[in-house]
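See below for the structure under consideration.
What follows is calculated from the coordinates using simple rules that are stated; it is not laboratory data. This one's a predicted model, so the numbers in the text were calculated from it and none came from an experiment. Note: ideal-geometry Cβ built from the backbone for every residue, glycine included; neighbour counts use all protein chains shown.
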Amino acid sequence: MNNDNDYKAKLLKNWEATYKKGQLSFWLLLSLKDQPVFVSEIKDFIETVTKGTISCEGQSLYRALRKFYDLEIVDFELRKGNKGPDRKYYSLTPIGKELLHEFTQRNISLFYEKKVADLVNNKTQK
Amino acid sequence: MKPLTKNLKYFSGIAIIFSIVFFYNLYAALQAQSYNKIWVYALLYGILMFCAGLILGYRDPVRESRTDLGFQYHLITFIIVNAIGIPALFFAMGLNIETITGAILQSFSWGLGLFVHYYFSSKSLKGMDKEEVFV
């Protein structure tokens, strides 16, 4: 039995590693949906809403934000911080908003369809 | 979205000036039979063109263009060098089978390289690897 649990944990770890690859973009863009935020707020948002299943380094967030800025998905403005240098507040561009909306409609909304939701809920109720 | 970025326009201007100066001096050296100067001019021209492209291209904001900037710089260089170099060749060396073959061979081999660059560029998002964008 213990052997089964170890094996299941290994499988889960592997599946999650694959599943999480690419998830950062979604959570990052979602964190910018409502209002401009700065990097540590993005990091907190992601770690809170994913209940710690997705953790991100500041460096990888900066890299992703830089890439999304070049791709015109996000924009930023400099605002005064409490102390120290100005902070970069990131927000979605109109293209970024449309992109996130379409991605969510095509990929995330599927989980709310009755058939899928029932299957997921039955599984979790057991 | 502009068809050419500001830096690309600057690069085009610089490339036109460098090319005119280079081809003028190249054929002047050929006519004077100063063959040792040719290597110096060619090397200088290559280095200056490369540096101009590198500096302006590196500082060119990717955000300003929807296509691969690296390919745009390559295409502009191809057009300018051939548009100035081929007429200069015919003007200096005459329009004969040798110069025509030389011009065709040069344009074709470079054009082939340009096409390969276009192929890889068309598979990217602004020059970024599509597989690496949303990870």
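Worth pointing out:
- Chain B, helix-only ellipticity at 222 nm - DSSP H runs n ≥ 4, -39,500 (n - 2.57), divided by all residues, nearest 500: -27000 deg cm²/dmol
- The phi torsions of region B:73-78, fed into the Karplus equation with coefficients 6.51, -1.76 and 1.60 and a -60° offset, translate into couplings of 5, 5, 4, 4, 4, 4 Hz, rounded to whole numbers, with Gly and Pro shown as x.
- Evaluated over the Cα positions of region A:48-88, the convex hull gives a direction-averaged projected area, one quarter of its surface, of 4.1 nm².
- 0 to 90° range, to nearest 10: angle between helix A:58-70 axis and chain A longest Cα axis: 70
- Shown is the FRET efficiency for A:GLN59 and B:LYS9, computed with R0 = 25 Å from the Cβ-Cβ distance and rounded to the nearest 0.05: 0.10.
- Rg to Rh, two decimals, where region A:2-93 supplies the alpha carbon set and Rh follows Kirkwood: 1.11
- Projected label points at A:ARG79 and B:GLN31, each 7 Å from Cα along the beta carbon direction, are separated by 6.7 nanometres.
- 16 Å Cα-Cα reach of A:LYS51 towards aspartates and glutamates, excluding residues that sit fewer than 8 places from it in its own chain: A:GLU16, A:GLU41
- Phi-derived couplings, Karplus 6.51 cos²θ - 1.76 cosθ + 1.60 at θ = phi - 60°, listed residue by residue for region B:27-43: 6, 5, 5, 5, 5, 7, 6, 8, 5, 5, 6, 4, 5, 5, 4, 5, 5 Hz, with x used for Gly and Pro.
- Gyration tensor over the Cα atoms of the protein assembly as shown: the corresponding equivalent ellipsoid has semi-axes (square roots of 5 times the eigenvalues, largest first) of 55, 23, 17 Å.
- Extension gain for A:ASP6-A:GLU113 works out to 35.2 nm (0.36 nm per residue, less the C-alpha to C-alpha distance).
- Region A:47-126 and region B:47-91: distance between their alpha carbon centers, rounded to Å: 37
- Nonlocal amide H pairs with A:PHE38, under 5 Å, H built at 1.01 Å: A:TYR90
- Relative to its Kirkwood radius, the Cα radius of gyration of region B:38-135 gives an Rg/Rh of 1.07.
- Extending 7 Å from the Cα toward the beta-carbon at both B:LEU48 and B:LEU95 defines two label points whose distance is 3.0 nm.
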